[in-house]
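Undergrad: Below you will find the structure I want to go over with you.
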Amino acid sequence: MTLYIVKCELKKIASLPMLWIFFSLCLILNVGIIEGYRYSNVDDSFISYVKETAAITGTELGGEFSERLAGLKDSEEKRRLYEETYEVKNIYEDLKAVDLGQAYISVYALPDRWAALMRNKYRCLQPMVDELARSNAGFSLYAAGETKNLHDLLFSILFRTVTGEACVLAALCMIFLYGYEYQNKTEAVIYASYTGRNIQHGKLAAGLLFGCLSYSLIAGITLLIYLGVFDYSWIWSSNVSSIFNYVEEITGIKPFLTWIPFPLWEYLLAMLGLGLVLTLIFGLIGAVIGRLCKNSYLGAVLFFLLALAMMTAPYFLAEKDLWSGYFISQFLPVCLWLSSSVWLTDMGIISLIPFHETIGLFGNVIIWGILTAVSSRHFSGKDVLL
Amino acid sequence: MLLCMELKKIWKPKILFVIVLIGLLCGYLRLEFPLKYFPNGHPQKEQYQLMLEWTEKYGITMEEEERLAAEEPLPLLKEQARVLEERDAPIGEDDVRYQAETLEGALFAYDIRYQHYDVDLENCTFAQQKRLRTLYDEKKLDGLLPYEIMENAQQYWRWGAIFLVLNVLVLLAPVITRDTLTDMKRLQYTSRQGRNILRTQFGAMLLSAGGIVVLELLVLGWLYAGLGTWRFWKNPINSFFYGEVYWFDLNFGQYLLFILLIMVLYAGGTAGIAFFISCSSKNYISLVLKMIPVFFFVGMLADVSVEGLFSFSNSLNRLTGIAGIEVWCGILVFLVGMVLGGLAYRRLTRMRDFTEGI
């Protein structure tokens, strides 16, 4: 019976023509982003050259790599690659993670209590730095000098856009489902039926399922298009902490330091998994709002207002020197979405603990899950005629 | 009477409350900076003060003889700066070193204002070269205007334009959809006035868009007036002190009025589009899914129109090479809005089964 309800609820969503138009617009936007960024930032010919060269030289930098590269036919691309890869140092050998933490403490003038936590986080990162130094992960070729551009496009811009689109869709569809009976004046019929108010469980399941589906479709199609434009077949095994990948912050440039070593394909899978969890959280937020607001329009506007408030919170709290509030606010779903480009890394000033995003995302699933359960329970007990 | 009722339906307290909240949050995120940090740091503060002082002394432009008079305090300032430098004195808030540097820089900019003719022409299109030649030949770069004032105004009002588009959409879009959902259309269409009510509703929406424009401009204008930039109202925007070149010989006040005109055009266009999407939506979520791309597209256009308005560096101008494209773009959005509104009206009034929607 519940499965039948879920199917019916999914049908309601699928019968929205605008949903599919919106879905198509999202894909058009994503293609526009890929092509726009490629046109203005990425050197295609150099990437092709690095790919061809990697087949001969291998993908690990070092003396052998340089020797083989030196033996290749002279060209502009070769000169560039040679300059970028000749006698590179293992930056992780001398890196003291605590120094990175100290830079944040100085620039943001963190109070002692928070400074100690920040230092502690970077102390926890030191074993990973040592591991990177030992494994020569920094010597991973990735896409050489174009690494930063490719990584930024895929993980900073595209991933954030895709998750943002899926999150909005998941929340709006949940609000749509919860407001559907009120909007179509079928409340009395539905609530007087055998299933009655239990229909909300079917709605929740259908909404979450739709969230997962929309995320999988948008992310899957966009990734396929992306991989059609940029050939990644030769760099999947590159480590994301390659010396060519870095993060630019107010404290300066720092390596892309993840909490565990990640080959590119594993990092992508982990990010996609976390993105799915984020979409589910937004689905749950939509469920809570949908339960509170009978009017779907007001619900949707409230959702965006809540998102805006979450976005504003860290700025406001940091400006008022309320550091405890600032660090807590970084666990808000919208803040987690905004920081998605540095997920699974040290995350700089944003976080005080390792795996901030993972803890934050699963914590949010629990919190919003509880709030959904509470609102459902409240709805089950209230007089629906009021 | 009917118009009043329609206006009452639009100006719902709940939606107004939401708009105020959005305004407060967006304002905090985007408008606070240009208001709070203007002039932003050194030597911008000194440059602003110097231009204000010169405007009061010499008027809106500076002549050669006035330049000589303006140079008089420079030796003394430089001497004071040298002494401070020798003493290794820490740089203070009103440091004379900034003043000396600013005055020297401003005089230098004045001296070379017509000397980099060939250098500028190299990177310009034919139309831009023509414009530059006119500016140089007709000596139109004598204006006094602080460096930061234009960027600040553009930064502030571009976000104002985006919020205006958002506010118009949030306020107006649900009106007709609400009528559809509450079966109000059956009552409206079978009344004596019949489907002509759509004309009243469209009128009410345009009036409300006007109302929200007036309200927002009053609030934003009042906040912006606090900066005191109105003291440069008559100063020409083509200034020797400001690196940007503009297509038209406007003064700062006229420039601000053009920004407001663009905002009005975008608000009107958005109102028309809001009427169209409201008529064509059978439920609120469809409506919101239409509002998002409309906001994205129209808001982005409003943004790129106001940012660098009428300057060579404006994105729309760089793309098309047409002087004043920003205003044309605003007019186009306005017309598109009106046409879409008209189409929705025509379609609904001619539809046999009015329960279908469009």
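Undergrad: From Cα pairs below 8 angstrom and at least 6 apart in sequence, can you work out the relative contact order of the range B:44-111, rounded to a whole percent?
TA: Working: 29 pairs, mean separation 30.3, N = 68.
The value is 45 percent.
Undergrad: Sticking with this structure for a sec: If all Cα-Cα distances of the range A:224-362 are sorted into 5 Å bins from 0 onward, what percent lands in each bin, rounded to whole numbers?
TA: Going out from 0 Å in 5 Å bins, the range A:224-362 shows 2, 9, 15, 17, 18, 15, 12, 7, 4, 2, 0 percent.
Undergrad: With runs of 4+ DSSP H residues as the only contributors, calculate the mean residue ellipticity of chain B at 222 nm using -39,500 (n - 2.57) per run, divided by the residue total and rounded to the nearest 500.
TA: Working: 17 runs with 251 residues, N = 358.
Helix contribution divided over all residues of chain B: -23000 deg cm²/dmol.
Undergrad: Now for a different question. Take the alpha carbon atoms of the range A:354-377, find their center, do the same for the range A:47-96, and report the distance between the two centers in whole angstrom.
TA: 46
Undergrad: What does the charge add up to near B:ALA161, with Lys and Arg as +1, Asp and Glu as -1, over the other residues with Cβ less than 14 Å from its Cβ? The partial results should precede the final answer.
TA: Details: positive: B:ARG30, B:ARG158; negative: B:GLU216, B:ASP303, B:GLU307, B:GLU326.
Net charge around B:ALA161: -2.
Undergrad: A further question on this structure: At q = 0.10, 0.25 Å⁻¹, what log₁₀ I(q)/I(0) does a Debye calculation on the Cα points of the range A:281-386 give, no solvent, two decimals?
TA: Here log10 of I(q) over I(0) equals -0.35, -1.33.
Undergrad: Under a no-solvent Debye model with one identical scatterer per Cα of the range A:89-233, what's log10 I(q)/I(0) at q = 0.13, 0.19, 0.22 Å⁻¹?
TA: -0.88, -1.09, -1.18
Undergrad: Between the alpha-carbon centers of the range B:84-103 and the range A:4-30, tell me the distance in whole angstrom.
TA: Taking the Cα centre of the range A:4-30 as reference, the centre of the range B:84-103 is 64 Å away.
Undergrad: Let a ≥ b ≥ c be the square roots of the eigenvalues of the Cα gyration tensor of the range A:239-280; is it rounded (a/c under 1.5), or, if not, prolate (a/b larger than b/c) or oblate?
TA: On the way: a/c = 3.22, a/b = 1.59, b/c = 2.03.
In terms of gyration-tensor shape, oblate.
Undergrad: Could you give the alpha-carbon Rg of the protein assembly as shown over 2.2 N^0.38 Å, rounded to two decimals?
TA: On the way: Rg = 29.9 Å, N = 744, 2.2 N^0.38 = 27.1 Å.
Dividing the Cα Rg of the protein assembly as shown by 2.2 N^0.38 Å gives 1.10.
Undergrad: I would also like to ask the following. Net charge around A:VAL374, counting only other residues with Cβ within less than 13 Å of its Cβ (Lys, Arg = +1; Asp, Glu = -1)?
TA: On the way: positive: A:ARG291, A:ARG377, A:LYS382; negative: none.
Neighbourhood net charge equals +3.
Undergrad: Size of chain B along its principal axes in angstrom, Cα-based, largest extent first?
TA: Ordered largest first, chain B gives principal extents of 86, 45, 32 Å.
Undergrad: Over the Cα atoms of the range A:222-292, what is the Rg over Rh ratio if Rh follows Kirkwood? Each step should come with its number before you reach the end.
TA: On the way: Rg = 16.8 Å, Rh = 14.9 Å.
Result for the range A:222-292 is an Rg/Rh of 1.13.
Undergrad: Still on this structure: DSSP loop trypsin sites (Lys or Arg not before Pro) in the range A:281-338 with at most 11 other Cβ atoms within 10 Å of their Cβ, which ones?
TA: On the way: sites: A:ARG291, A:LYS294, A:LYS320; in loops: A:LYS294, A:LYS320.
Here the trypsin sites (Lys or Arg not before Pro) that fit, given the DSSP loop and packing criteria, are A:LYS320.
Undergrad: Give the peptides B:81-88, B:218-225 in descending order of average Cβ contacts within 10 Å, highest first.
TA: Details: B:81-88: 11.6, B:218-225: 14.9.
Ranked from most to least packed, the peptides come out as B:218-225, B:81-88.
Undergrad: Is there a quick way to get the dipole size of the range B:44-111? I mean about its Cα centre, with the Cβ of Lys and Arg at +1 and of Asp and Glu at -1; what is the value in debye to the nearest 20? Could the numbers behind the result be given before it?
TA: Numbers: 7 positive and 19 negative charges, 31 e Å.
Once rounded to the nearest 20, the dipole reads 140 debye.
Undergrad: Please average, across the residues of A:64-76, the number of beta carbons from any other chain that are within 10 Å of each residue's own beta carbon, and give a whole number. List each step's numbers first, then the result.
TA: Values: counts 0, 0, 0, 0, 0, 0, 0, 0, 0, 0, 0, 0, 0.
Per residue, the average neighbour count from other chains is 0.
Undergrad: Sticking with this structure for a sec: Tell me, Kirkwood radius of the range A:1-120 from alpha-carbon pair distances, in Å?
TA: Numbers: mean 1/r = 0.0485 Å⁻¹.
About 20.6 Å for the range A:1-120.
Undergrad: Can you give me the C-alpha center-to-center distance between the range A:159-212 and the range B:11-46, rounded to a whole angstrom?
TA: Centre-to-centre (Cα) distance: 35 Å.
Undergrad: Going by average Cβ neighbours within 10 Å, how do the peptides B:300-309, B:325-334 rank, with the highest at the top?
TA: Values: B:300-309: 22.4, B:325-334: 20.1.
For the peptides B:300-309, B:325-334, the packing ranking is B:300-309, B:325-334.
Undergrad: Could I ask something else about it? Let me spell out the model: positive unit charges on the Cβ of Lys and Arg, negative unit charges on the Cβ of Asp and Glu, origin at the Cα centre of the protein assembly as shown. What dipole size does that give, in debye rounded to 20?
TA: On the way: 63 positive and 73 negative charges, 1080 e Å.
Using Cβ point charges on Lys, Arg, Asp and Glu, the protein assembly as shown gives about 5180 debye.
Undergrad: Any chance you could list P(r) for the range B:180-262, counting all Cα-Cα pairs in 10 angstrom bins from zero, rounded to whole %?
TA: 14, 28, 20, 15, 12, 10, 1
Undergrad: Same structure again: What 222 nm value per residue comes from the helices of chain A, counting each DSSP H run with n ≥ 4 as -39,500 (n - 2.57) and dividing by all residues, nearest 500 deg cm²/dmol?
TA: On the way: 16 runs with 263 residues, N = 386.
The per-residue figure over chain A is -22500 deg cm²/dmol.
Undergrad: Which whole-number percent gives the relative contact order of chain A, counting Cα pairs below 8 Å spaced six or more residues apart? Don't skip to the answer; put the middle values down first.
TA: On the way: 465 pairs, mean separation 80.9, N = 386.
The value is 21 percent.
Undergrad: Can you compute the equivalent ellipsoid semi-axes for chain A, i.e. the square root of 5 times each eigenvalue of the Cα gyration tensor, sorted largest first and rounded to whole Å?
TA: Values: eigenvalues 400, 137, 48 Å².
One finds semi-axes of 45, 26, 16 Å for chain A.
Undergrad: Still on this structure, please answer the following. For the charge dipole of the protein assembly as shown, defined by +1 on Lys and Arg C-beta atoms and -1 on Asp and Glu C-beta atoms about the Cα centroid, which residue among B:TYR110, B:ALA89, B:TRP247 has the Cα displaced farthest towards the positive pole?
TA: Value computed over the given set: B:TRP247.
Undergrad: Please give the FRET efficiency for A:ILE21 paired with B:MET184, using the beta carbon to beta carbon distance and R0 = 41 Å, rounded to the nearest 0.05. Walk me through the intermediate numbers first.
TA: Numbers: r = 26 Å, r/R0 = 0.64.
Using R0 = 41 Å, I get an efficiency of 0.95.
Undergrad: Have a look at the DSSP beta bridges in the protein assembly as shown and tell me what percent are antiparallel, nearest 5. Intermediate values should be presented prior to the final figure.
TA: Working: 10 of 11 bridges.
Given both bridge residues lie in the protein assembly as shown, the antiparallel proportion sits at roughly 90 percent.
Undergrad: Could you pull out every residue, at least 5 positions away or on a different chain, whose amide H is within less than 5 Å of the one on A:VAL247? Hs are placed 1.01 Å off N in the peptide plane, and Pro or chain starts have none.
TA: A:LYS254, A:PHE256
Undergrad: Over the range B:252-320, what number does the Rg to Rh ratio reach, with both radii from the alpha-carbon atoms and Rh per Kirkwood?
TA: Values: Rg = 14.8 Å, Rh = 13.5 Å.
A ratio of 1.10.
Undergrad: On to the next question. Residues of A:295-308, mean number of Cβ from any other protein chain within 10 Å of their own Cβ, rounded to a whole number?
TA: Details: counts 5, 9, 14, 6, 3, 8, 11, 3, 1, 7, 6, 0, 1, 7.
The mean count of partner-chain Cβ atoms within 10 Å per residue comes to 6.
Undergrad: Can you give the convex hull volume of the alpha carbon atoms of the range B:38-159 per residue, in Å³?
TA: Numbers: hull volume 18.0 nm³, N = 122.
Dividing the Cα hull volume of the range B:38-159 by its residue count gives 147 Å³.
Undergrad: Here's another thing I want to ask about it. Could you give me the radius of gyration and the Dmax of the range B:129-214, taking only the C-alpha atoms into account and expressing both in angstrom?
TA: 23.5, 69
Undergrad: Please give the net charge around B:ALA89, taking every other residue with its beta carbon less than 12 angstrom from that of B:ALA89, where Lys and Arg add +1 and Asp and Glu add -1. Write out the running numbers ahead of the final one.
TA: Details: positive: B:ARG82, B:ARG87, B:ARG97; negative: B:GLU85, B:GLU86, B:ASP88, B:ASP95.
Here the charged neighbours net out to -1.
Undergrad: By counting other Cβ atoms within 10 Å of each Cβ, how are A:PHE316, B:PHE232 ranked from fewest to most? Please report the intermediate quantities before stating the final value.
TA: Numbers: A:PHE316 16, B:PHE232 25.
In order of increasing Cβ crowding within 10 Å: A:PHE316, B:PHE232.
Undergrad: Next question, about the same structure. Take every Cα pair under 8 Å in the range B:283-328 that's 6+ residues apart, average their separations, divide by the length, and report that relative contact order as a whole percent. Each step should come with its number before you reach the end.
TA: On the way: 26 pairs, mean separation 11.1, N = 46.
This gives 24 percent for the range B:283-328.
Undergrad: For the range B:44-111, what is one quarter of the convex hull surface built on the Cα atoms, given in nm²? Working shown, then result.
TA: Values: hull surface 18.3 nm².
Hull-based average projected area comes out at 4.6 nm².
Undergrad: In addition: Averaged over peptide A:15-21, how many Cβ atoms belonging to another chain are found within 10 Å of each residue's Cβ?
TA: Details: counts 0, 5, 3, 12, 3, 1, 4.
Other-chain Cβ atoms within 10 Å of each residue's Cβ, averaged: 4.
Rule-based calculations on the coordinates, nothing more; no lab input. Owing to the predicted nature of the structure, the values given are computational and were not obtained by experimental measurement. Using ideal geometry, Cβ is built from the backbone for each residue, glycine included, and neighbour counts are taken over all protein chains shown.
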